[in-house]
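Asks: Have a look at this one.
Rule-based calculations on the coordinates, nothing more; no lab input. Everything quoted here is computed from the prediction, not taken from an experiment. All Cβ positions, even for glycine, are placed from backbone atoms using ideal geometry, and neighbour counts span all protein chains on display.
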Amino acid sequence: MGITLAILGAALAVILSGIGSAIGIMIAAKSAAGALSEDPTKFGQYLPLIALPGTQGIYGFIIGFLIFNKLGIISGNIIDGLTFFRGLQFLVGSLPIAFAGLFTAIYQGKVCASGINLVSKQPTETGKALTMGGLVEFYAILGLLLSLFFVLFIKI
């Protein structure tokens, strides 16, 4: 039962943060597609804003990978008899990035879409648009760090 909970935690970290990233990228990309229809030369300025919400999916993947690594799944030496309590620790440890990744990616996509609208009218303001998106990223990083602390300090 413990191994099942731990794998569930890894899956939630990857799936929820991945869903958030996909939605966030979609929101920003829709805005960029509209802006590019007016000026296709600005694709390079829009690309970082489109890609920024994708980082949360990477963060969730990192936590999922670390859990799989600690469980021995990657090396093929799966830990036998993981207790229910240890499995629950992995599950709970994955939740900060799972939920922070889900929600911050979506909201970051909205901020980046607004940034794309800003850059389409004021091409020299890309840095400000990226900074606004980066402010949302800070909370995704906090979720990643909290999950890292939880997962790395679980003793097996």
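Asks: Would you work out if region 1-57 is rounded, prolate or oblate? Take a ≥ b ≥ c from the square roots of the eigenvalues of the alpha-carbon gyration tensor; rounded if a/c is under 1.5, else prolate when a/b is larger than b/c, oblate otherwise. Mind dumping the intermediate values first?
Replies: Values: a/c = 7.54, a/b = 4.05, b/c = 1.86.
Note, shape of region 1-57 comes out prolate.
Asks: Order 70-76, 108-114 from most to least packed using the mean count of other Cβ atoms within 10 Å.
Replies: 108-114, 70-76
Asks: For region 41-156, please report how many Lys pairs fall under 18 Å Cα to Cα, leaving out neighbours fewer than 8 apart on the same chain. Show your work: numbers first, answer last.
Replies: Details: LYS42/LYS121; LYS42/LYS128; LYS70/LYS155; LYS110/LYS121; LYS110/LYS128.
Number of lysine pairs found: 5.
Asks: Let me have the relative contact order for region 5-107, percent, based on Cα pairs under 8 Å that are six or more residues apart.
Replies: Numbers: 146 pairs, mean separation 56.5, N = 103.
Relative contact order of region 5-107: 55 percent.
Asks: In percent, what relative contact order does region 78-153 have, based on Cα pairs under 8 Å that are 6 or more apart in sequence? Please list the in-between numbers first.
Replies: Working: 56 pairs, mean separation 35.1, N = 76.
Relative contact order here is 46 percent.
Asks: Which shape class, rounded, prolate or oblate, goes with region 105-145 when its Cα gyration tensor gives a ≥ b ≥ c as root eigenvalues, a/c under 1.5 marks rounded, and past that a/b bigger than b/c marks prolate? Don't skip to the end; give the middle numbers.
Replies: Numbers: a/c = 5.31, a/b = 2.22, b/c = 2.39.
It comes out oblate by the Cα gyration axes.
Asks: Beta carbons within 10 angstrom, averaged per residue: use that to sort the peptides 144-152, 123-131, highest first.
Replies: Details: 144-152: 18.4, 123-131: 14.3.
Top of the packing list down: 144-152, 123-131.
Asks: Can you tell me how the chain classifies by the Cα gyration tensor, rounded, prolate or oblate, using a/c under 1.5 as the rounded cut? Numbers along the way, then the final one.
Replies: Numbers: a/c = 3.56, a/b = 2.98, b/c = 1.20.
Here the chain falls in the prolate category.
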